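Take a look at the structure set out below.
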Amino acid sequence: MTRPKIELLREELAGLQLAAEHLDYSVARCLSLSDQKDLLPDQLERLESLTSRFARLADLLVQRIFRLIDEIELADAGTVLDRIYRAEKRGWASAADLIRIRELRNLIAHEYANDKMRAIHAAVASMSSTLLAMVPRVISYSDAIIQRYPK
């Protein structure tokens with residue numbers, strides 16, 4: 001039963017790396033936009049891409065990778081909060097940061113008011129480095145799991 005999950009973990013890690021690269025690219029493209037008030041449509045599109053990529057990477061980590069690692073390690077499924085606390089114990093990030101990332105992801109997914117988008121963009125800009133810093137830690141941990149199950 002573990003072998004298919006290990007293969008799925010390999011696939012998810014490839015997607016994780018790509019999603020992190022995309023977010024990093026968007027962060028770099030949006031650095032100059034943080035203090036501007038009247039943004040052009042193409043600038044707004046860049047910020048929208050940034051928030052979407054942030055939410056996608058957060059989902060990939062918390063909803064897919066964290067859950068899959070828990071399954072492989074036979075941890076109780078539990079709640080999202082349980083996964084967050086286990087991630088903290090594994091040394092990937094602080095639970096407080098993970099909770100803020102999750103809350104921001106939820107806000108991105110459910111916010112349609114233009115007057116709040118500026119605050120969302122600022123929060124994404126400030127939390128992206130924390131989210132991106134988690135990726136190599138998760139990959140390293142996952143690689144150690146994969147090594148325990150040779151092909």
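List of remarks:
- Boolean, Arg102 is modelled with pLDDT of 95 or more and either charged (D, E, K, R) or over 30 Å from Arg46 (Cα atoms) (or both): yes
- Qualifying positions in the range 99-117 - acidic (Asp, Glu) and either assigned to a helix (DSSP H, G or I) or touching a strand residue (DSSP E or B) at 6+ places or on another chain (Cβ under 9 Å) (or both): Glu103, Asp115
- Filtering the range 79-98 to residues that are farther than 15 Å from Phe54 by Cβ and either touching a residue at least 60 places away in the same chain (Cβ under 8 Å) or not in a loop (DSSP other than H, G, I, E, B) (or both) leaves Val80, Leu81, Asp82, Arg83, Ile84, Tyr85, Arg86, Ala87, Glu88, Lys89, Ala95, Ala96.
- Of all the numbered requirements in (1) more than 22 Å from Phe54 (Cβ to Cβ); (2) part of a helix (DSSP H, G or I), Val138 misses one, and that requirement is (1).
- Applying a threshold of 8 Å to beta carbon distances and a minimum spacing of six or more residues, or different chains, the list of pairs starting in the range 54-77 at a residue that is in contact (Cβ under 8 Å) with a residue 60 or more places away in the chain and ending at one that is of a type in the set (Asp, Glu) reads Ile65/Glu12; Leu68/Glu12.
- Boolean, Ile120 is out of contact with any Cys (no Cβ under 9 Å at 6 or more places or on another chain), farther than 16 Å from His22 by Cβ and in a helix (DSSP H, G or I): yes
- Condition met for Ser140 (closer than 25 Å to Leu31 by Cβ, within 17 Å of the chain's Cα centre (by Cα) and among the polar types (S, T, N, Q)): no
- When residues in the range 134-151 are screened for being surrounded by 13 or more Cβ atoms within 10 Å (Cβ to Cβ) and of a type outside the set (Val, Ile, Thr), 5 of them pass.
- Flag if Ser128 is modelled with pLDDT of 95 or more, out of contact with any Asp or Glu (no Cβ under 9 Å at 6 or more places or on another chain), polar (S, T, N, Q) and assigned to a helix (DSSP H, G or I): no
- Top-ranked residue in the range 1-49 [being within 16 Å of the chain's Cα centre (by Cα) and among the small types (Gly, Ala, Ser); ranked as surrounded by the fewest Cβ atoms within 10 Å (Cβ to Cβ)]: Ala14
- Taken together, the residues in the range 32-73 that are over 21 Å from Met127 (Cα atoms) and either at pLDDT 90 or above or touching a Gly at 6+ places or on another chain (Cβ under 6 Å) (or both) amount to 8.
- Cβ-Cβ distances below 8 Å connect no pair with a first residue in the range 128-143 that is without any contact (Cβ under 8 Å) to a residue 12 or more places away in the chain and over 10 Å from Gln17 (Cα atoms), a second residue that is among the basic types (Lys, Arg) and part of a helix (DSSP H, G or I), and a separation of six or more residues or different chains.
The values are calculated or read from the model by the stated rules, or taken from the named source; none is laboratory data. Predicted model only: the values in this text are computed from it and were never measured. FYI the Cβ positions are ideal-geometry reconstructions off the backbone, even for glycines, and counts take in every protein chain you see.
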